[in-house]
1. Please work out the FRET efficiency for the pair Thr43 and Leu14, using the Cβ-Cβ distance as r and a Förster radius of 51 Å; give the result to the nearest 0.05.
2. Sort Met215, Met70 by Cβ crowding within 10 Å, fewest neighbours at the top.
3. For a quick check: with amide H placed at 1.01 Å from N, whose amide H comes under 5 Å from Gln134's, ignoring anything fewer than 5 positions away on the same chain?
4. With a ≥ b ≥ c taken as the square roots of the eigenvalues of the C-alpha gyration tensor of the range 67-254, please select rounded if a/c is under 1.5 and otherwise prolate if a/b is larger than b/c or oblate if it is not?
5. Taking every DSSP beta bridge with both residues inside the chain, roughly what % is antiparallel (nearest 5)?
6. Just need the relative contact order of the chain here, percent rounded to a whole number, with Cα pairs under 8 Å and 6+ apart.
7. Can you compute the helix-only [θ] at 222 nm over the chain? Use -39500 (n - 2.57) per DSSP H run of at least 4 residues, normalise by all residues, nearest 500 deg cm²/dmol.
8. For the range 199-206, what does the Karplus curve 6.51 cos²θ - 1.76 cosθ + 1.60, with θ = phi - 60°, yield as ³J(HN,Hα) per residue in whole Hz, taken in order and with x for Gly and Pro?
Amino acid sequence: MAANKRTIGIIVALVILVCVVAGANLYFMYYLNVEEAPHVSSTRALENMIRQKIRELHPVYLNRNPRLFMYRNKLLKNYKPAPYENATVLWDIANWWPQENEIYPIYDTSMAQLLQTLRLEPITKVTNLAKGTQLKLLVRLANKQKVIFKPQWYEREAVIEGTVYAGKDRHTAEVYAFYLGAVLDLRWTPIVVGRVVNLKTDIYDRGDSELKNSMTITETENGTEQYCLFGRCHYCNEEETVCGDEQNNIEGVLI
């Protein structure tokens with residue numbers, strides 16, 4: 001009898017748990033799809049809206065911390081690109097940075113040099129990174145460091161209609177998250193820099209056969225070749241490609 005009561009209790013607890021989880025999922029799915037925000041026609045309109053909200057803040061939130069300029073100058077010095085000599089040594093240092101509650105330290109003179117290596121080190125090998133829902137590539141730099149490349153899909157002024165998860169990843173969001181995390185002392189986001197790569201010389205010529213099969217090459221009206229990429233991922237398909245400019249250059253981020 002006691003065993004039966006225990007079994008019934010476990011079943012009831014599991015049913016309650018399933019109901020709670022299902023209810024929470026439905027709740028968040030509903031509120032993620034509810035469009036309560038006003039329509040924004042451009043990024044400039046969004047900036048004006050943010051400025052208006054700032055002006056409406058209580059005066060106490062507008063008082064500057066007297067140590068603002070000290071912290072600002074330290075941060076600017078820490079993240080301003082700096083020349084480097086040995087990229088391998090810099091990445092060896094960076095590999096010691098991650099801790100339980102941070103990916104990189106608040107201040108380290110190596111950071112400025114490390115960011116410069118991401119911008120300048122030659123690309124030696126590229127492969128598809130099929131995991132996940134978004135197009136991204138696994139890139140190996142000359143110092144054998146592996147990084148992730150995400151391409152630009154939209155113009156900077158483009159406004160994506162729909163839910164918060166509509167459209168492709170905005171590559172600049174990765175950069176904003178990195179620097180915002182540094183400013184707010186929430187250093188949990190990966191190190192990121194913006195970089196322009198060439199889809200022919202940097203990607204296609206350095207890619208393996210699988211990567212090349214996930215790219216298209218078409219001849220333009222002026223007789224030049226245009227290289228485009230659709231990659232391998234959960235939502236990647238040949239109908240949605242990302243292409244470079246007339247010289248096959250494309251902006252993106254290295255993570």
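Read the figures in this text as sums done on the coordinates, not as results from a lab. All values derive from a computational prediction rather than experimental measurement. For neighbour counting, all protein chains shown are included, and Cβ atoms are generated from backbone atoms with ideal geometry for every residue, glycine included.
1. Working: r = 48 Å, r/R0 = 0.94.
About 0.60, to the nearest 0.05.
2. In increasing order of surrounding Cβ atoms, one gets Met70, Met215.
3. Here His234 satisfy the definition.
4. On the way: a/c = 2.01, a/b = 1.57, b/c = 1.28.
It is prolate, given that a/c is not under 1.5 and a/b is the larger ratio.
5. Roughly 95 percent of the DSSP beta bridges within the chain come out antiparallel.
6. On the way: 322 pairs, mean separation 48.5, N = 255.
Value for the chain: 19 percent.
7. Numbers: 7 runs with 94 residues, N = 255.
That calculation yields -12000 deg cm²/dmol at 222 nm.
8. Here the 3J(HN,Hα) series is 5, 8, 6, 8, 9, 4, 5, 9 Hz.
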